[in-house]
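One structure below.
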Amino acid sequence: MIGDRAHALLSASGANKWLNCTPSARLEETFQDTQSEYAAEGSLAHEVAELKLRKYFLEPIGPRKFNNQIKKFKENPLWDDEILKHTDVYLEYVQSIAHQYNSSPYVAVEKKILYDMYVPEGFGTGDCILIGGNTLYVIDFKYGKGVPVPAEDNSQMKLYALGAYAEYSFLYNIETIKLVIIQPRLNNISEYELSAADLLEWGESIKPIAEKAFKGEGEFISGDHCRFCRAKSLCRARTEFNISLEEFNQMKPPLISNEEVGQILERAQNLAKWVKDLEEYALSACLQGEIIPGWKAVEGRGSRQYTDIDVAFEDLKSEGIDEALLYERKPLTVPALEKVLGKKQYRELLEGKGHVKSEPGKPTLARESDKRESITNKVTPEEAFKNE
Ligand code: SF4
């Protein structure tokens, strides 16, 4: 089960980090590996997903046994009924792939994958491996809802694919690799295809980098990958990168250019994340009795709660307080009502009857990589001419 997953020093999920900053893996070893509540929630969802895939593809489980297992999962304090819905999206996707083939494809679930022929002591656990025809699918279920994770050129997925290819290419003629990330809470199903030859070439290209990373050698390189590094708060390379303003000091004109605005905004995003990491670190250090000069931990603003809301309200009513004063009646927002009604009823009863109008959102700044089309208020010469 996924909750018991062991991790390699050069883990596949951390590959983006150690490929970009080779000494990071050894530095991270000096920090405790703590699991967040989000990760624990993800582990629970993975266990449900695994059960569903096993039931469908590998070991038919009767309804009673299946329901008992689900009942056990529901005892977990992190349980949310949404897990059932989201794991169905994953199951349905894998089923749809399997149904494309005339004969049943090979399916492995929660498969230990060794990629140590490319990365020293490299191993991991793949959520689902499917081989149909000449195609090897590496399918990853992600329960996070922070940012959508793309399958395109994803190092974690490529490492799993390398390991799976090494294991199965003796039995199957694998020519194409499909990497798939299913992140149902963000409606993200991301697919990426590459040839087996390209995958193997990539594997060869990372061998020397992985060797360095295993030995803890190379240069500390700060970047977006620092977000997931256990050393992120105290890392000197990240600190120096964030506080160095050298390139901006060298720029002479009194007004900064648009190019510099872009660069500064880019830096500011990293800076904001870094400051937040430092604050979290400093708070936990202060709470442990360490000294962070100039700072201390204090009690935050408290909150008041009803000891028993039903008893309290009954008491208020018996004292003559009007019930209308105790509750507020608020209409649901359109997206919330759509969730309650379901898409079909929402379309019939609201959109279909013209009760919903769409307003464009306020212009907002986004990264160039954002999928939305860019907008402008600038009037083109043709438009200006038309309006004259
Ligand atoms: S915080 Fe960034 S620069 Fe520092 S070790 Fe980790 S990945 Fe490397």
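For the stretch 222-237: of the residues being near the ligand (Cβ under 8 Å from one of its atoms) and over 22 Å from the mean Cα position of the chain (by Cα), which is farthest from Q32 (Cα to Cα)?
A237
Could you tell me which of the residues A196, A231, A297 is at pLDDT 90 or above and within 28 Å of I182 (Cα to Cα)? Spell out how you get there, then give the answer.
Working: A231 fails: within 28 Å of I182 (Cα to Cα); A297 fails: within 28 Å of I182 (Cα to Cα).
Among A196, A231, A297, only A196 is at pLDDT 90 or above and within 28 Å of I182 (Cα to Cα).
Which ones in the stretch 152-166 are in contact with a strand residue (DSSP E or B) (Cβ under 8 Å, 6 or more places away or on another chain) and crowded, with 17+ Cβ neighbours inside 10 Å?
First pass over the stretch 152-166, keeping only residues in contact with a strand residue (DSSP E or B) (Cβ under 8 Å, 6 or more places away or on another chain): 152-154, 156-161, 163-166.
Listed by number, the residues that qualify are N154, Q156, M157, K158, L159, Y160, A161, G163, A164, Y165, A166.
Can you find a residue in the stretch 369-382 that is among the aliphatic types (A, V, I, L, M), over 26 Å from V261 (Cβ atoms) and not assigned by TED's automatic domain parsing to the domain that holds E266?
No, the stretch 369-382 has no match at all.
Taking the condition over 23 Å from Y281 (Cβ atoms) and either within 16 Å of the ligand (Cβ to nearest atom) or without any contact (Cβ under 8 Å) to a residue 60 or more places away in the chain (or both), does N20 pass? Explain how you work it out, then say what you get.
Details: over 23 Å from Y281 (Cβ atoms): no; either within 16 Å of the ligand (Cβ to nearest atom) or without any contact (Cβ under 8 Å) to a residue 60 or more places away in the chain (or both): yes.
So N20 fails the test.
Looking at D33, D81 in this structure, which one is of a type in the set (D, E, K, R) and within 16 Å of the ligand (Cβ to nearest atom)?
Matching residue, one of D33, D81: D33.
Residue by residue, here is whether (1) under 20 Å from Y90 (Cα atoms); (2) surrounded by fewer than 21 Cβ atoms within 10 Å (Cβ to Cβ); (3) not polar (S, T, N, Q) holds:
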{"position": "V138", "(1), (2), (3)": "yes, no, yes"}
{"position": "F141", "(1), (2), (3)": "yes, no, yes"}
{"position": "V149", "(1), (2), (3)": "yes, yes, yes"}
{"position": "E175", "(1), (2), (3)": "no, yes, yes"}
{"position": "L186", "(1), (2), (3)": "yes, yes, yes"}
{"position": "E204", "(1), (2), (3)": "no, yes, yes"}
{"position": "A210", "(1), (2), (3)": "no, no, yes"}
{"position": "E219", "(1), (2), (3)": "no, yes, yes"}
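Take the residues of the stretch 47-86 that are buried (at least 16 other Cβ atoms within 10 Å of the Cβ) and β-branched (V, I, T): which is modelled with the lowest pLDDT?
For the stretch 47-86, the residue satisfying everything is I61.
Which of (1) under 30 Å from L265 (Cα atoms); (2) not in a loop (DSSP other than H, G, I, E, B) is the odd one out, the single condition G361 does not satisfy?
G361 satisfies all of (1) under 30 Å from L265 (Cα atoms); (2) not in a loop (DSSP other than H, G, I, E, B) except (2).
Going through L44, L10, L91 one at a time, which residue ends up being within 16 Å of the ligand (Cβ to nearest atom), aliphatic (A, V, I, L, M) and either part of a loop (DSSP other than H, G, I, E, B) or buried (at least 18 other Cβ atoms within 10 Å of the Cβ) (or both)? Let's see the steps before the verdict.
Working: L44 fails: within 16 Å of the ligand (Cβ to nearest atom); L91 fails: within 16 Å of the ligand (Cβ to nearest atom).
Sole residue among the options that is within 16 Å of the ligand (Cβ to nearest atom), aliphatic (A, V, I, L, M) and either part of a loop (DSSP other than H, G, I, E, B) or buried (at least 18 other Cβ atoms within 10 Å of the Cβ) (or both): L10.
Return the residue satisfying two criteria in turn: it lies in the stretch 278-312 and is of a type in the set (F, W, Y) and under 30 Å from F228 (Cβ atoms), and of such residues it is surrounded by the most Cβ atoms within 10 Å (Cβ to Cβ). Walk me through it before giving the result.
First pass over the stretch 278-312, keeping only residues of a type in the set (F, W, Y): 281, 295, 306.
The next check asks that each one be under 30 Å from F228 (Cβ atoms); those that pass are 281, 295.
Values: Y281: 14, W295: 12.
If we take residues in the stretch 278-312 being of a type in the set (F, W, Y) and under 30 Å from F228 (Cβ atoms), then Y281 is surrounded by the most Cβ atoms within 10 Å (Cβ to Cβ).
Going by what's in this entry, would D140 be described as under 24 Å from the mean Cα position of the chain (by Cα), within 16 Å of the ligand (Cβ to nearest atom) and among the charged types (D, E, K, R)? Let's see the steps before the verdict.
On the way: under 24 Å from the mean Cα position of the chain (by Cα): yes; within 16 Å of the ligand (Cβ to nearest atom): no; among the charged types (D, E, K, R): yes.
The answer is no for D140.
Tell me, which helices (runs of 4 or more DSSP H) wholly within the stretch 247-344 include 3 or more residues that are under 30 Å from K357 (Cα atoms)? Break it down into steps so the answer makes sense when it comes.
Details: elements: 258-287, 309-318, 334-341.
Those helices (runs of 4 or more DSSP H) span 334-341.
How many residues, within the stretch 95-120, are over 30 Å from A210 (Cα atoms) and touching a helix residue (DSSP H, G or I) at 6+ places or on another chain (Cβ under 6 Å)?
Just the residues of the stretch 95-120 that are over 30 Å from A210 (Cα atoms), to begin with: 95-106.
Pick out the ones that are also touching a helix residue (DSSP H, G or I) at 6+ places or on another chain (Cβ under 6 Å) and you get 105.
Count: 1.
Name the pairs: first residue in the stretch 213-226 and on the phi < 0 side of the Ramachandran plot, second residue within 9 Å of the ligand (Cβ to nearest atom) and basic (K, R), Cβ to Cβ under 7 Å, at least 6 apart or on different chains?
Hits for this filter: S222/R238; H225/K17; C226/K232; C226/R238.
Hey, can you tell me all the residues within the stretch 94-124 that are assigned to a strand (DSSP E or B), crowded, with 19+ Cβ neighbours inside 10 Å and either in contact with a His (Cβ under 6 Å, 6 or more places away or on another chain) or of a type outside the set (A, V, I, L, M, F, W, C) (or both)?
Of everything in the stretch 94-124, just one residue is assigned to a strand (DSSP E or B), crowded, with 19+ Cβ neighbours inside 10 Å and either in contact with a His (Cβ under 6 Å, 6 or more places away or on another chain) or of a type outside the set (A, V, I, L, M, F, W, C) (or both), namely G124.
What is the number of the single condition among (1) within 11 Å of the ligand (Cβ to nearest atom); (2) surrounded by fewer than 17 Cβ atoms within 10 Å (Cβ to Cβ); (3) among the polar types (S, T, N, Q) that N242 does not meet?
(2)
Kindly list the number of the only condition in (1) at pLDDT 95 or above; (2) under 28 Å from K55 (Cβ atoms); (3) not in a strand (DSSP E or B) that fails for C128.
C128 satisfies every listed condition except (3).
The values are calculated or read from the model by the stated rules, or taken from the named source; none is laboratory data. Fair warning: this is a prediction, and the values are worked out from it, not measured in the lab. When we count neighbours, we look across all protein chains shown, and the Cβ atoms used for this are built from the backbone with ideal geometry, even at glycine.
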